[in-house]
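The structure appears right after this line, and notes come after that.
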Amino acid sequence: MAGKITVIVGPMFSGKTSELLSFIEIYDLGKKAYRVFKPHIDVRYGIEEIVSHSGNRVNAIVVKDPYEIFNHLHPEVKAVFIDEIQFFPSTLMEVVRKLADDGMDVFCAGLDMSYLRNPFQTTALVMAIANEVIKKKAVCHICGEYNATLSYKTVGDGGEIDIGGSEKYIAVCTDCYFKLMESRDDTVTRPHK
Ligand code: ADP
Ligand code: MG
Ligand code: ZN
């Protein structure tokens with residue numbers, strides 16, 4: 001039987017990794033074999049763990065090329081979990097599709113948009129083939145409403161792909177995002193409006 005693809009997306013701090021961890025717990029409780037992966041580029045916390053902002057963690061296998069995932073599977077593996085999918089090349093979509101075709105449930109989490117509101121291509125592709133897409137929100141760092149869908153970069157250097165946490169990014173709602181962008185200087189590229 002083919003597996004199901006579930007994708008968890010949203011801005012920074014929206015609980016994507018936490019939700020991924022809660023799906024992992026279901027497979028733990030059911031004593032089912034699974035594998036957890038993350039891209040090599042994401043070295044914010046322990047290299048071989050995925051860690052939520054609230055501090056929960058599980059061991060993960062670090063891969064550079066999505067096709068390396070196949071080297072870490074065996075026939076008993078029932079589910080594959082992948083965090084920070086936006087940092088993988090777009091060939092991740094083919095790998096996710098094959099994993100599901102081979103009967104594994106696949107759970108992916110990642111940013112849907114950069115801080116310039118450009119879609120991350122790999123996330124967009126995986127969303128297209130998913131059975132279920134879960135869009136998460138965060139609490140807006142400016143107005144305090146639970147409606148933040150965007151990540152806003154608070155520092156000026158580093159470019160559009162720039163790994164960081166709360167030292168570089170806040171989650172904001174669209175209205176607060178526009179106000180922040182209007183008032184900022186030119187050290188960060190202005191987004192398309
Ligand atoms: P993500 O993977 O989407 O970045 P995490 O699952 O790692 O998110 O972290 C979510 C946790 O971050 C929340 O449970 C909360 O404790 C914390 N947090 C920090 N800032 C915010 C915010 N602005 N909105 C919501 N949660 C936040
Ligand atoms: Mg995360
Ligand atoms: Zn707001």
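The values are calculated or read from the model by the stated rules, or taken from the named source; none is laboratory data. Predicted, not measured: the structure shown is a model, and the values here were computed from it. Cβ coordinates were reconstructed from backbone atoms using ideal geometry, including for glycine residues, and neighbour counts include every protein chain displayed. SASA here: full protein model, heavy atoms, side chains in, ligands and nucleic acids out. Shrake-Rupley method; radii C 1.70, N 1.55, O 1.52, S 1.80 Å.
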- [ ] Just need a number here: residues in the range 157-174 that are more than 14 Å from ligand 3 (Cβ to nearest atom) and not in a loop (DSSP other than H, G, I, E, B).
- [x] 1
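Could we say that Glu76 is open to solvent by 70 Å² or more (accessible area, probe 1.4 Å), of a type in the set (Asp, Glu) and over 30 Å from Tyr177 (Cα atoms) here? Please lay out each step first, then the result.
Numbers: open to solvent by 70 Å² or more (accessible area, probe 1.4 Å): yes; of a type in the set (Asp, Glu): yes; over 30 Å from Tyr177 (Cα atoms): yes.
So Glu76 fits the description; yes.
Would you point out which residue out of Val155, Val106 is more than 16 Å from ligand 1 (Cβ to nearest atom), farther than 30 Å from Glu68 by Cβ and either among the β-branched types (Val, Ile, Thr) or touching a residue at least 60 places away in the same chain (Cβ under 8 Å) (or both)? Quick ask: steps written out before the conclusion?
Numbers: Val106 fails: farther than 30 Å from Glu68 by Cβ.
The conditions single out Val155.
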Open item on the list: Which of the strands (runs of 3 or more DSSP E) found entirely inside the range 5-112 contain at least 1 residues meeting this: touching a Leu at 6+ places or on another chain (Cβ under 8 Å)?
Closed with: 5-10, 33-39, 49-51, 57-59, 77-82, 105-111
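State which residue is farthest from Leu73 (Cα to Cα) when the search covers only the range 101-114 and only residues that are open to solvent by less than 10 Å² (accessible area, probe 1.4 Å) and of a type outside the set (Gly, Ala, Ser). Reasoning before the result, please.
Within the range 101-114, the subset open to solvent by less than 10 Å² (accessible area, probe 1.4 Å) is 106, 108-110, 114.
Add one more test, that the residue is of a type outside the set (Gly, Ala, Ser), and what stays is 106, 108.
Details: Val106: 13, Cys108: 17 Å.
Here the residue is Cys108.
Before we move on, is Thr123 hydroxyl-bearing (Ser, Thr, Tyr), under 30 Å from Gly3 (Cα atoms) and either touching a Gly at 6+ places or on another chain (Cβ under 7 Å) or surrounded by 15 or more Cβ atoms within 10 Å (Cβ to Cβ) (or both)?
Working: hydroxyl-bearing (Ser, Thr, Tyr): yes; under 30 Å from Gly3 (Cα atoms): yes; either touching a Gly at 6+ places or on another chain (Cβ under 7 Å) or surrounded by 15 or more Cβ atoms within 10 Å (Cβ to Cβ) (or both): yes.
Spelling it out, Thr123 is indeed hydroxyl-bearing (Ser, Thr, Tyr), under 30 Å from Gly3 (Cα atoms) and either touching a Gly at 6+ places or on another chain (Cβ under 7 Å) or surrounded by 15 or more Cβ atoms within 10 Å (Cβ to Cβ) (or both).
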Task: Residue tally, condition over 11 Å from Ser14 (Cα atoms), basic (Lys, Arg) and assigned to a strand (DSSP E or B), over the range 116-156 - done: 1
Task: Out of Val96, Val133, sole residue that is within 16 Å of the chain's Cα centre (by Cα), at pLDDT 95 or above, of a type outside the set (Lys, Arg) and open to solvent by 50 Å² or more (accessible area, probe 1.4 Å) - done: Val133
